[in-house]
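What follows is a set of notes on a single structure, which appears directly below.
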Amino acid sequence: MIEYESLIGIPCKDEGRTLEGLDCYGLVMEVYRRFGIKLPEYWASFDDDEKVSEIIHEEIKKPIWKKVEGEPPVPSVLAIRLGVPKGIINHTGVYIGDGKFIHCRAKTGVVVSRVDSPAWHKIIEGYYVYAGEE
């Protein structure tokens, strides 16, 4: 199992890509880096829901991402619709096993949550694994 406890509490920073501050995708990149996987870079302000959603929708169509049916493997990226209308995906996290995922929120920084909690289970749009470069 990957060591992720050192990430808990890192503050959320818009377009953050260092351990001094991460946005949700910066955290995804860091977790995957710890698995030895370098993910492609994407840039959007975390409060620009439409731009974030546009990037996510375009990327998950590419063959480098495979949607997971059934129990997601570790690591898997979660695509989440956070407080926005259905169809807009504006948050990401990483499934870390045991029904938990790690993600970064503006108010809390990096935290671990349960995928089956009332706050999350109905707004997770899907799980995706990185299948490698095109």
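The values are calculated or read from the model by the stated rules, or taken from the named source; none is laboratory data. None of the values given here were measured: they were computed from a predicted structure. Because the Cβ atoms are built from the backbone with ideal geometry, glycine has one as well, and the counts that use them run over all protein chains shown. Ligands, DNA and RNA are excluded from the accessible area calculation, which covers all protein heavy atoms including side chains. Shrake-Rupley method; radii C 1.70, N 1.55, O 1.52, S 1.80 Å.
One Cα centroid belongs to segment 7-22, the other to segment 63-134; the line between them spans 18 Å. Would you work out which of LEU82, GLY36, GLY93 lies farthest towards the positive end of the dipole of segment 1-117, given +1 charges on the beta-carbon of Lys and Arg and -1 on that of Asp and Glu, about the Cα centre? Value computed over the given set: GLY36. Amide H contacts of LYS100: VAL115, each under 5 Å away and 5 or more positions distant or on a separate chain (H built 1.01 Å from N in the peptide plane; Pro and chain starts excluded). Highest mean packing first, where packing is the average number of other Cβ atoms within 10 Å per residue, the peptides 104-113, 81-90 line up as 104-113, 81-90. Computed from phi, the 3J(HN,Hα) profile of segment 30-44 under the Karplus parametrisation 6.51, -1.76, 1.60 (θ = phi - 60°) reads 5, 4, 4, 4, 5, 8, x, 10, 9, 8, x, 8, 9, 10, 6 Hz, with x in place of Gly and Pro. Amide H contacts of GLY109 (H built 1.01 Å from N, in plane; Pro and chain starts excluded): CYS12 sit under 5 Å, all sequence-distant by 5 or more or on other chains.
The structure shown yields Cα Rg over 2.2 N^0.38 Å, and of the options (1) 1.45; (2) 1.21; (3) 0.95 that calculated value carries the label (3).
Is the shape of segment 67-111 rounded, prolate or oblate, going by the alpha carbon gyration tensor and its root eigenvalues a ≥ b ≥ c, with a/c under 1.5 for rounded and a/b larger than b/c for prolate? Cα axes put segment 67-111 in the oblate bin. Sites listed here are GluC sites (Glu not before Pro) in segment 1-87 whose DSSP assignment is loop and whose Cβ has at most 15 other Cβ atoms within 10 Å: GLU3, GLU15, GLU20, GLU41, GLU69. Toward the positive end of the charge dipole of the chain, with +1 on the Cβ of Lys and Arg and -1 on the Cβ of Asp and Glu, the farthest Cα among LEU22, SER53, TRP120 is that of TRP120.
Rounded to whole numbers, the Karplus 3J(HN,Hα) couplings from phi for segment 3-10 are 7, 10, 4, 5, 7, 4, x, 4 Hz, using 6.51 cos²θ - 1.76 cosθ + 1.60 with θ = phi - 60°, and x at Gly and Pro.
Under the convention that each Lys and Arg Cβ holds +1 and each Asp and Glu Cβ holds -1, the size of the dipole of the chain around its Cα centre is about 300 debye. Taking 7 Å steps out from each Cα toward its Cβ at GLU59 and ASP98 produces label points 2.7 nm apart. On the beta carbon distance between LYS66 and LYS107, with R0 = 35 Å, the FRET formula returns roughly 0.65. Each label was represented as a point 7 Å from its Cα along the Cα-to-Cβ direction; for SER6 and GLU133 these points are 2.7 nm apart.
About the centre of its Cα atoms, segment 80-134 shows a dipole size close to 400 debye [charges on the beta carbon of Lys, Arg (+1) and Asp, Glu (-1) only; nearest 20 debye]. Each Cα pair under 8 Å and six or more residues apart adds its separation to the average, and for the chain the resulting relative contact order is 28 percent.
Here the accessible area of segment 46-134 is 52 percent carbon and sulfur, with a 1.4 angstrom probe and all protein chains present.
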